[in-house]
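Colleague: Here's a structure for you.
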Amino acid sequence: TTLLQFKNVSKQYGNSTVALSDVNFSVNEGELVSIIGPSGAGKSTLLRCINRLIDATSGEIIFDGADMLKINKKHDLRALRTKIGMIFQNYNLVERLSVFENVLHGRLGYKSALVGALGLYNENEKKQAIKIIQSLGLNEQVYKRCDQLSGGQKQRVGIARALVQEPRVLLADEPIASLDPNSSKVIMDHLKNICTTLGITVLVNLHQLDVALNYSDRIIGISGGRVVYDGLPANLTDED
Ligand code: ADP
Ligand code: ADP
(Lines give C-alpha, C1' and ligand atoms only; values in the text may rest on other atoms or scores of the structure.)
(Ligands and ions follow the chains in the order given, each with its own letter.)
Protein backbone atom coordinates (compact mmCIF):
# COMPACT_ATOMS: atom_id res chain seq x y z
CA THR A 1 0.00 0.00 0.00
CA THR A 2 1.05 3.56 -0.73
CA LEU A 3 2.24 5.55 2.28
CA LEU A 4 3.47 8.68 0.56
CA GLN A 5 2.71 10.27 -2.77
CA PHE A 6 4.01 13.41 -4.47
CA LYS A 7 1.72 14.81 -7.17
CA ASN A 8 3.07 17.61 -9.35
CA VAL A 9 5.01 19.12 -6.45
CA SER A 10 6.99 22.26 -7.13
CA LYS A 11 8.98 24.51 -4.84
CA GLN A 12 10.29 27.92 -5.71
CA TYR A 13 12.45 29.94 -3.33
CA GLY A 14 11.84 33.65 -3.80
CA ASN A 15 11.30 34.76 -7.37
CA SER A 16 14.01 32.81 -9.08
CA THR A 17 15.27 29.52 -7.63
CA VAL A 18 13.14 26.57 -8.69
CA ALA A 19 14.25 23.80 -6.31
CA LEU A 20 11.57 21.24 -7.27
CA SER A 21 9.77 21.14 -10.57
CA ASP A 22 6.66 19.00 -11.10
CA VAL A 23 7.85 16.10 -8.95
CA ASN A 24 5.80 12.88 -9.01
CA PHE A 25 6.54 9.63 -7.20
CA SER A 26 5.07 7.34 -4.62
CA VAL A 27 6.50 5.25 -1.82
CA ASN A 28 5.03 2.03 -0.48
CA GLU A 29 4.80 1.11 3.16
CA GLY A 30 7.98 -0.70 4.28
CA GLU A 31 10.20 0.38 1.38
CA LEU A 32 13.71 1.78 1.73
CA VAL A 33 14.01 4.42 -0.98
CA SER A 34 17.19 6.38 -1.68
CA ILE A 35 17.02 9.79 -3.25
CA ILE A 36 20.22 10.51 -5.09
CA GLY A 37 21.52 13.45 -7.04
CA PRO A 38 24.24 16.08 -7.02
CA SER A 39 24.48 18.91 -4.53
CA GLY A 40 21.77 21.47 -5.21
CA ALA A 41 19.50 18.96 -6.99
CA GLY A 42 16.65 19.53 -4.53
CA LYS A 43 16.97 16.43 -2.31
CA SER A 44 16.87 18.28 0.98
CA THR A 45 14.00 20.49 -0.14
CA LEU A 46 12.06 17.40 -1.18
CA LEU A 47 12.40 15.73 2.23
CA ARG A 48 11.66 18.91 4.16
CA CYS A 49 8.48 19.53 2.19
CA ILE A 50 7.04 16.27 3.49
CA ASN A 51 6.78 17.35 7.12
CA ARG A 52 6.39 21.01 6.19
CA LEU A 53 9.70 22.23 7.56
CA ILE A 54 9.48 23.88 4.13
CA ASP A 55 6.19 24.64 2.39
CA ALA A 56 5.95 23.47 -1.20
CA THR A 57 4.69 26.10 -3.65
CA SER A 58 2.19 23.84 -5.44
CA GLY A 59 1.05 20.26 -5.83
CA GLU A 60 -0.10 17.62 -3.40
CA ILE A 61 1.85 15.62 -0.83
CA ILE A 62 -0.34 12.77 0.36
CA PHE A 63 0.96 11.14 3.52
CA ASP A 64 -1.03 8.40 5.24
CA GLY A 65 -4.12 9.56 3.35
CA ALA A 66 -3.84 13.26 4.25
CA ASP A 67 -2.78 16.11 1.96
CA MET A 68 0.02 17.64 4.02
CA LEU A 69 -0.21 20.94 2.13
CA LYS A 70 -3.87 21.39 3.05
CA ILE A 71 -3.40 20.86 6.78
CA ASN A 72 -3.79 24.27 8.37
CA LYS A 73 -4.54 23.55 12.02
CA LYS A 74 -1.43 23.47 14.22
CA HIS A 75 -2.81 20.55 16.17
CA ASP A 76 -3.43 18.44 13.04
CA LEU A 77 -0.01 19.22 11.64
CA ARG A 78 1.66 18.28 14.92
CA ALA A 79 -0.22 14.97 15.02
CA LEU A 80 0.96 14.09 11.50
CA ARG A 81 4.53 15.18 12.23
CA THR A 82 4.84 12.73 15.10
CA LYS A 83 4.43 9.98 12.48
CA ILE A 84 7.39 11.41 10.55
CA GLY A 85 10.83 10.92 12.08
CA MET A 86 13.60 13.18 10.81
CA ILE A 87 17.35 12.57 10.81
CA PHE A 88 19.83 15.28 9.83
CA GLN A 89 23.38 15.36 8.47
CA ASN A 90 24.54 17.40 11.45
CA TYR A 91 22.47 15.42 13.96
CA ASN A 92 20.63 18.45 15.47
CA LEU A 93 21.19 17.22 19.02
CA VAL A 94 21.28 19.38 22.12
CA GLU A 95 24.99 18.73 22.64
CA ARG A 96 25.26 19.61 26.33
CA LEU A 97 22.45 17.23 27.30
CA SER A 98 22.64 13.48 27.70
CA VAL A 99 21.73 10.87 25.13
CA PHE A 100 18.74 9.94 27.29
CA GLU A 101 17.49 13.54 27.47
CA ASN A 102 17.88 14.04 23.74
CA VAL A 103 15.95 10.89 22.98
CA LEU A 104 13.15 11.72 25.42
CA HIS A 105 12.90 15.08 23.68
CA GLY A 106 11.84 13.27 20.51
CA ARG A 107 9.08 11.55 22.40
CA LEU A 108 7.78 14.40 24.48
CA GLY A 109 8.61 17.49 22.50
CA TYR A 110 9.05 19.45 25.73
CA LYS A 111 11.95 21.83 25.94
CA SER A 112 14.56 19.24 26.74
CA ALA A 113 16.22 21.08 29.63
CA LEU A 114 12.89 20.90 31.43
CA VAL A 115 12.52 17.22 30.69
CA GLY A 116 15.70 16.45 32.59
CA ALA A 117 15.42 19.02 35.35
CA LEU A 118 11.81 18.36 36.26
CA GLY A 119 11.65 14.65 35.44
CA LEU A 120 8.78 15.23 33.04
CA TYR A 121 8.51 11.63 31.98
CA ASN A 122 6.98 8.50 33.40
CA GLU A 123 8.58 5.15 34.05
CA ASN A 124 7.16 3.70 30.85
CA GLU A 125 8.53 6.49 28.67
CA LYS A 126 11.89 6.09 30.35
CA LYS A 127 11.97 2.32 29.73
CA GLN A 128 10.94 2.75 26.11
CA ALA A 129 13.63 5.38 25.47
CA ILE A 130 16.36 3.25 27.06
CA LYS A 131 15.26 0.19 25.11
CA ILE A 132 15.57 2.08 21.84
CA ILE A 133 18.94 3.59 22.80
CA GLN A 134 20.23 0.09 23.59
CA SER A 135 18.88 -1.30 20.33
CA LEU A 136 21.21 1.14 18.57
CA GLY A 137 24.21 -0.19 20.50
CA LEU A 138 24.56 2.78 22.83
CA ASN A 139 24.25 0.87 26.13
CA GLU A 140 27.36 2.54 27.56
CA GLN A 141 26.35 6.02 26.46
CA VAL A 142 22.83 6.41 27.85
CA TYR A 143 23.75 9.09 30.42
CA LYS A 144 26.72 10.57 28.56
CA ARG A 145 26.53 14.10 27.21
CA CYS A 146 26.23 14.16 23.45
CA ASP A 147 29.25 16.45 23.08
CA GLN A 148 31.39 13.50 24.26
CA LEU A 149 30.25 11.18 21.48
CA SER A 150 31.73 10.39 18.08
CA GLY A 151 29.86 11.42 14.93
CA GLY A 152 28.61 7.89 14.35
CA GLN A 153 27.31 7.67 17.91
CA LYS A 154 25.62 11.06 17.58
CA GLN A 155 23.83 9.91 14.47
CA ARG A 156 22.61 6.81 16.31
CA VAL A 157 21.19 9.16 18.96
CA GLY A 158 19.48 11.03 16.13
CA ILE A 159 17.93 7.77 14.96
CA ALA A 160 16.85 6.86 18.50
CA ARG A 161 15.23 10.27 18.96
CA ALA A 162 13.26 9.74 15.75
CA LEU A 163 12.26 6.18 16.69
CA VAL A 164 10.73 7.06 20.07
CA GLN A 165 8.12 9.04 18.15
CA GLU A 166 6.94 5.65 16.82
CA PRO A 167 6.99 7.05 13.27
CA ARG A 168 5.53 5.50 10.14
CA VAL A 169 8.37 6.90 8.08
CA LEU A 170 11.94 8.03 8.68
CA LEU A 171 13.29 10.87 6.55
CA ALA A 172 17.07 10.90 6.62
CA ASP A 173 18.72 13.95 5.04
CA GLU A 174 22.31 13.02 4.12
CA PRO A 175 22.72 11.00 7.35
CA ILE A 176 26.20 9.74 6.47
CA ALA A 177 27.67 12.77 4.70
CA SER A 178 29.71 13.76 7.79
CA LEU A 179 30.81 10.23 8.70
CA ASP A 180 33.76 7.96 7.87
CA PRO A 181 33.11 4.75 5.89
CA ASN A 182 32.89 2.49 8.96
CA SER A 183 30.40 4.68 10.80
CA SER A 184 28.48 5.14 7.56
CA LYS A 185 28.06 1.40 7.25
CA VAL A 186 26.82 1.14 10.84
CA ILE A 187 24.23 3.85 10.23
CA MET A 188 23.04 2.38 6.92
CA ASP A 189 22.81 -1.08 8.51
CA HIS A 190 20.63 0.36 11.27
CA LEU A 191 18.35 2.11 8.77
CA LYS A 192 17.99 -1.09 6.74
CA ASN A 193 17.29 -3.10 9.88
CA ILE A 194 14.68 -0.61 11.09
CA CYS A 195 12.99 -0.94 7.73
CA THR A 196 13.00 -4.74 7.54
CA THR A 197 12.33 -5.61 11.18
CA LEU A 198 10.09 -2.75 12.32
CA GLY A 199 8.44 -2.21 8.93
CA ILE A 200 9.15 1.52 9.09
CA THR A 201 9.41 3.15 5.67
CA VAL A 202 12.73 4.92 5.09
CA LEU A 203 13.52 7.74 2.68
CA VAL A 204 17.18 8.62 2.63
CA ASN A 205 19.04 11.34 0.76
CA LEU A 206 22.46 10.22 -0.38
CA HIS A 207 25.07 11.47 -2.74
CA GLN A 208 27.01 8.19 -2.78
CA LEU A 209 25.62 6.00 -5.55
CA ASP A 210 27.41 2.87 -4.29
CA VAL A 211 25.68 3.12 -0.90
CA ALA A 212 22.31 3.63 -2.56
CA LEU A 213 22.89 0.58 -4.79
CA ASN A 214 23.76 -1.56 -1.76
CA TYR A 215 20.90 -0.70 0.53
CA SER A 216 17.86 0.47 -1.41
CA ASP A 217 14.72 -1.27 -2.56
CA ARG A 218 14.33 1.57 -5.02
CA ILE A 219 16.22 4.63 -6.17
CA ILE A 220 14.83 8.00 -7.15
CA GLY A 221 17.32 10.16 -9.00
CA ILE A 222 16.83 13.90 -9.09
CA SER A 223 18.68 16.56 -10.99
CA GLY A 224 17.81 20.23 -11.31
CA GLY A 225 14.65 19.67 -9.24
CA ARG A 226 13.25 17.02 -11.57
CA VAL A 227 12.91 13.26 -11.18
CA VAL A 228 15.23 11.72 -13.76
CA TYR A 229 15.15 8.11 -12.55
CA ASP A 230 12.72 6.04 -10.53
CA GLY A 231 13.30 2.32 -10.41
CA LEU A 232 15.19 -0.65 -9.07
CA PRO A 233 18.88 -0.28 -8.24
CA ALA A 234 19.62 -3.18 -10.58
CA ASN A 235 18.11 -1.35 -13.55
CA LEU A 236 20.21 1.76 -13.05
CA THR A 237 22.72 1.90 -15.90
CA ASP A 238 25.58 4.20 -16.73
CA GLU A 239 23.33 6.21 -19.02
CA ASP A 240 21.13 7.20 -16.10
P1 ADP B 1 20.30 19.25 -2.27
O2 ADP B 1 19.73 18.78 -0.96
O3 ADP B 1 20.09 18.25 -3.37
O4 ADP B 1 21.71 19.68 -2.17
P5 ADP B 1 18.63 21.60 -1.87
O6 ADP B 1 17.24 21.14 -1.73
O7 ADP B 1 19.38 21.95 -0.64
O8 ADP B 1 19.45 20.53 -2.72
O9 ADP B 1 18.67 22.87 -2.82
C10 ADP B 1 17.98 22.93 -4.08
C11 ADP B 1 18.13 24.33 -4.66
O12 ADP B 1 17.41 25.27 -3.84
C13 ADP B 1 19.56 24.84 -4.70
O14 ADP B 1 19.68 25.64 -5.84
C15 ADP B 1 19.67 25.68 -3.46
O16 ADP B 1 20.64 26.69 -3.61
C17 ADP B 1 18.28 26.26 -3.34
N18 ADP B 1 17.88 26.54 -1.93
C19 ADP B 1 17.84 25.64 -0.93
N20 ADP B 1 17.41 26.21 0.21
C21 ADP B 1 17.15 27.51 -0.09
C22 ADP B 1 16.67 28.63 0.64
N23 ADP B 1 16.34 28.52 1.94
N24 ADP B 1 16.54 29.81 0.00
C25 ADP B 1 16.85 29.92 -1.31
N26 ADP B 1 17.31 28.91 -2.07
C27 ADP B 1 17.46 27.73 -1.48
P1 ADP C 1 13.35 24.89 19.14
O2 ADP C 1 13.99 24.78 20.47
O3 ADP C 1 14.02 25.88 18.25
O4 ADP C 1 11.86 24.99 19.17
P5 ADP C 1 13.00 22.13 18.45
O6 ADP C 1 13.46 21.44 19.68
O7 ADP C 1 11.55 22.27 18.20
O8 ADP C 1 13.71 23.55 18.41
O9 ADP C 1 13.65 21.47 17.19
C10 ADP C 1 15.00 21.07 17.15
C11 ADP C 1 15.39 20.81 15.71
O12 ADP C 1 14.54 19.84 15.15
C13 ADP C 1 15.28 22.05 14.84
O14 ADP C 1 16.39 22.09 13.97
C15 ADP C 1 14.02 21.87 14.04
O16 ADP C 1 14.15 22.38 12.72
C17 ADP C 1 13.88 20.36 14.00
N18 ADP C 1 12.47 19.97 14.11
C19 ADP C 1 11.54 20.45 14.95
N20 ADP C 1 10.37 19.86 14.75
C21 ADP C 1 10.54 18.98 13.77
C22 ADP C 1 9.70 18.03 13.13
N23 ADP C 1 8.44 17.87 13.43
N24 ADP C 1 10.22 17.27 12.17
C25 ADP C 1 11.49 17.41 11.84
N26 ADP C 1 12.33 18.26 12.40
C27 ADP C 1 11.89 19.03 13.36
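Colleague: Within the range 73-90, count every residue that is among the aliphatic types (A, V, I, L, M) and more than 18 Å from L46 (Cα to Cα).
Modeller: Summing the residues that are among the aliphatic types (A, V, I, L, M) and more than 18 Å from L46 (Cα to Cα) in the range 73-90 gives 1.
Colleague: Name the residue that is farthest from ligand 1 (Cβ to nearest atom), counting only residues in the range 191-210 that are in contact with a helix residue (DSSP H, G or I) (Cβ under 6 Å, 6 or more places away or on another chain) and outside any loop (DSSP other than H, G, I, E, B).
Modeller: Looking at residues that are in contact with a helix residue (DSSP H, G or I) (Cβ under 6 Å, 6 or more places away or on another chain) and outside any loop (DSSP other than H, G, I, E, B), I get K192.
Colleague: Something else: Every residue in the range 148-191 that is under 23 Å from I36 (Cα atoms) and of a type in the set (G, A, S), please.
Modeller: Across the range 148-191, the qualifying residues are G151, G152, G158, A162, A172, A177, S178, S183, S184.
Colleague: I would also like to ask the following. Could you grab the pairs with beta carbons closer than 8 Å, sequence gap of 6+ or different chains, first residue in the range 46-60 and among the basic types (K, R), second one not in a helix (DSSP H, G or I)?
Modeller: Sorted first by the residue in the range 46-60, then by its partner, the pairs are R48/I54; R48/D173; R52/I71.
Colleague: Check every one of the helices (runs of 4 or more DSSP H) wholly within the range 7-110 and list those with 1 or more residues that are surrounded by fewer than 22 Cβ atoms within 10 Å (Cβ to Cβ) and at pLDDT below 95.
Modeller: 74-81, 99-108
Colleague: In the range 143-176, which residues are surrounded by fewer than 16 Cβ atoms within 10 Å (Cβ to Cβ) and either among the aromatic types (F, W, Y) or in contact with a strand residue (DSSP E or B) (Cβ under 8 Å, 6 or more places away or on another chain) (or both)?
Modeller: Y143, K144
Colleague: Taking the stated definitions as given, is K131 over 17 Å from the mean Cα position of the chain (by Cα) and at pLDDT 90 or above?
Modeller: yes
Colleague: Which condition number in (1) crowded, with 23+ Cβ neighbours inside 10 Å; (2) over 16 Å from E29 (Cα atoms); (3) not charged (D, E, K, R) is the one that L179 fails?
Modeller: Among (1) crowded, with 23+ Cβ neighbours inside 10 Å; (2) over 16 Å from E29 (Cα atoms); (3) not charged (D, E, K, R), L179 violates only (1).
Colleague: Hey, another quick one. Tally up the residues in the range 12-40 that are without any contact (Cβ under 8 Å) to a residue 24 or more places away in the chain and under 24 Å from L213 (Cβ atoms), please.
Modeller: Number satisfying all stated conditions: 1.
Colleague: Next question, about the same structure. Tell me, please, whether a residue that is closer than 20 Å to G137 by Cβ, out of contact with any Ser or Thr (no Cβ under 8 Å at 6 or more places or on another chain), part of a loop (DSSP other than H, G, I, E, B) and not polar (S, T, N, Q) can be found in the range 215-222. Talk me through it step by step, then tell me what you get.
Modeller: First pass over the range 215-222, keeping only residues closer than 20 Å to G137 by Cβ: 215.
Adding the requirement that they be out of contact with any Ser or Thr (no Cβ under 8 Å at 6 or more places or on another chain) leaves none.
The answer is no, given that none of the residues of the range 215-222 is closer than 20 Å to G137 by Cβ, out of contact with any Ser or Thr (no Cβ under 8 Å at 6 or more places or on another chain), part of a loop (DSSP other than H, G, I, E, B) and not polar (S, T, N, Q).
The values are calculated or read from the model by the stated rules, or taken from the named source; none is laboratory data. Please read all numbers here as calculations on a predicted model, not as lab measurements. A quick note on method: Cβ atoms are made from the backbone with ideal geometry, for glycine too, and the neighbour counts reach across all protein chains shown.
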